[in-house]
Amino acid sequence: MMPARTAEITRDTAETQIELRINLDGSGRAEFKTGVPFFEHMLDQIARHGLIDMDLTAQGDLHIDDHHTVEDCGIVFGQALAKAVGDKRGITRYGHAYVPLDEALSRVVIDLSGRPGLVFSCSFTRASIGRFETQLVEEFFRGLVNHAGMTLHIDNIRGDNAHHQAETIFKAFGRALRMALSPDPRQADQIPSTKGSL
């Protein structure tokens, strides 16, 4: 049986003050206070479909724009994920998911490799969803992978509605992350790498 996979991270800068608590083996319960409603809706997809409990509070310089808040939440989530997963002993390591929403379809593939890398392919059909700038989706995931030590490929295969495009990405990420974090009973005492470490 794996030890509890939880983490608590605080980030305090001139641009943002963020507190995050996560439980990787939760039920998908989430509470968000970021001041960016659409972003919270997307984070809820990760929690719900990844079965990760998340409590996130962020105060950022929203009077400028949402960029620093969204990016820094990605950084903090990546730090929390790295801390909670530990040495990755006994995990599946790889995860993938295809998720549709009406006309939109996205594919996400994850390797908890210890090496940060992001390939992001999505041509959003709109520059913003409400007040939320769609380019911030990539910024969130870039912050996340750089601090989680994760290789992440995101492909929006099709979609006409920008909200649907974004939602399929976040849902697929949650599902793929859930798979990658799942215990592999055949290698319960092993780190899933020929190098012996990740």
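Here, each number is a calculation from the coordinates, and none is a lab measurement. This is a predicted model, so every value here is computed, not measured. Here the Cβ positions follow ideal geometry from the backbone for every residue, glycine too, while neighbour counts run over all protein chains shown.
Ranking of K33, K88 by neighbouring Cβ atoms within 10 Å, starting from the fewest: K33, K88.
If neighbour count is taken as other Cβ atoms inside 10 Å, put E8, E40 in order from fewest to most.
On the way: E8 12, E40 17.
Listing E8, E40 from fewest to most nearby Cβ atoms yields E8, E40.
Computed from phi, the 3J(HN,Hα) profile of region 41-52 under the Karplus parametrisation 6.51, -1.76, 1.60 (θ = phi - 60°) reads 4, 6, 4, 4, 5, 4, 4, 5, 7, x, 6, 10 Hz, with x in place of Gly and Pro. Which residues in region 131-154 place their backbone N less than 19 Å from a point set 7 Å from the Cα of D184 along the Cα-to-Cβ direction? It comes to 149-153, nothing else. Taking label positions 7 Å along the Cα-Cβ direction at both A127 and E15, the computed distance is 2.0 nm, reported to one decimal. A simple count of charges around G95, restricted to other residues whose Cβ falls under 12 Å of its Cβ and scoring Lys, Arg +1 and Asp, Glu -1, yields +2.
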